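**Q** What follows is a single structure, and I will ask about it in a moment.
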Amino acid sequence: MDPYPEVETSSNNNQNPNFLAVSSSGSQAAATPSRYENQKRRDWNTFCQYLRNHRPPLTLSRCSGANVLEFLRYLDQFGKTKVHTPVCPFYGHPNPPCPCPCPLRQAWGSLDALIGRLRAAYEENGGQPEMNPFGARAVRLYLREVRDLQSKARGISYEKKKRKRPPPQEQQHHQQFQNMSSFQEFTLPPGDNNDDDDNT
């Protein structure tokens, strides 16, 4: 789902020749782009449009982590996630019983996924990994602050959701145990139980 459909225009593809080259070569490799690739292309076009509309206009080579933060804050106006303020009676409640005047924001999960896609798109469009503004420390800190703020305001613990999945080592151990048990069943002598009955 597109988090900011209002900022997209149909002319974006014509104004970014670098991206056209990438997408045309990608279309030869795969007949139908994945949902992730489509979303990444839309996000990249939207960010390039933001840079063009910036005052003064910005080029990608001069884009910094601070500009990425400006972009993320700009996107909040298109957010659909209610983030309660500390003075709101529903602060810390994930499902409030009635509406409140607290602002709508972009959800942390959406921003985190967006930055991941833009970080990949930047490098696919010729950007150097060490100069990637989407991987800047300021951007990582901002995402962490948004996550902590929203988890408190909405009463959602993101850590608890992560802990529900068992670690890969436990899964591997469990599978080895199951394999060992089934192997032991096959190696049991067929007359064991009868022998015990004869001895008693």
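**Q** Tell me which residues, restricted to the range 54-93, are free of Cβ contacts under 8 Å to residues at least 12 places away in the same chain and touching a Leu at 6+ places or on another chain (Cβ under 8 Å).
**A** Result: P57, L58, T59.
**Q** Looking only at the range 113-135, which residues are touching a residue at least 12 places away in the same chain (Cβ under 8 Å) and exposed (fewer than 14 other Cβ atoms within 10 Å of the Cβ)?
**A** Across the range 113-135, the qualifying residue is only G126.
**Q** Okay, next question. Residues that are crowded, with 17+ Cβ neighbours inside 10 Å and modelled with pLDDT of 90 or more: does the range 3-15 have at least one? Step through it out loud before you land on a result.
**A** Start the filter on the range 3-15 by keeping residues that are crowded, with 17+ Cβ neighbours inside 10 Å, which leaves 3-4, 7, 12.
Among the residues that remain, those that are also modelled with pLDDT of 90 or more are: none.
No.
**Q** Separate question: Looking only at the range 69-84, how many residues end up being modelled with pLDDT under 90 and open to solvent by 30 Å² or more (accessible area, probe 1.4 Å)?
**A** Counting residues in the range 69-84 that are modelled with pLDDT under 90 and open to solvent by 30 Å² or more (accessible area, probe 1.4 Å) gives 1.
**Q** Among the residues of the range 136-170, write down those that are open to solvent by 60 Å² or more (accessible area, probe 1.4 Å), in a helix (DSSP H, G or I) and at pLDDT below 90.
**A** K152, E159, K160, K161, K162, R163, P168, Q169, E170, listed by residue number.
**Q** Another question about this same structure. When the range 85-108 is examined, which residues are found to be crowded, with 16+ Cβ neighbours inside 10 Å and touching a Ser or Thr at 6+ places or on another chain (Cβ under 9 Å)? Break it down into steps so the answer makes sense when it comes.
**A** So the first thing to find is which residues in the range 85-108 are crowded, with 16+ Cβ neighbours inside 10 Å, and the list is 88, 90-91, 96, 102, 105-108.
Once the filter is applied, which keeps residues that are crowded, with 16+ Cβ neighbours inside 10 Å and touching a Ser or Thr at 6+ places or on another chain (Cβ under 9 Å), the range 85-108 yields Y91, C102, R105, Q106, A107, W108.
**Q** Could we say that L51 is free of Cβ contacts under 8 Å to residues at least 40 places away in the same chain, within 29 Å of A138 (Cα to Cα) and open to solvent by less than 40 Å² (accessible area, probe 1.4 Å) here?
**A** Details: free of Cβ contacts under 8 Å to residues at least 40 places away in the same chain: yes; within 29 Å of A138 (Cα to Cα): yes; open to solvent by less than 40 Å² (accessible area, probe 1.4 Å): yes.
When the stated conditions are applied, L51 passes them.
**Q** Also: All but one of (1) of a type in the set (S, T, N, Q); (2) under 25 Å from L60 (Cα atoms); (3) within 19 Å of the chain's Cα centre (by Cα) hold for S151; which doesn't?
**A** Checking S151 against (1) of a type in the set (S, T, N, Q); (2) under 25 Å from L60 (Cα atoms); (3) within 19 Å of the chain's Cα centre (by Cα), the one that fails is (2).
The values are calculated or read from the model by the stated rules, or taken from the named source; none is laboratory data. What you see is a predicted model, and the numbers here were worked out from it, not measured in a lab. Using ideal geometry, Cβ is built from the backbone for each residue, glycine included, and neighbour counts are taken over all protein chains shown. Protein only, heavy atoms only, side chains kept; ligands, DNA and RNA dropped before computing areas. Shrake-Rupley method; radii C 1.70, N 1.55, O 1.52, S 1.80 Å.
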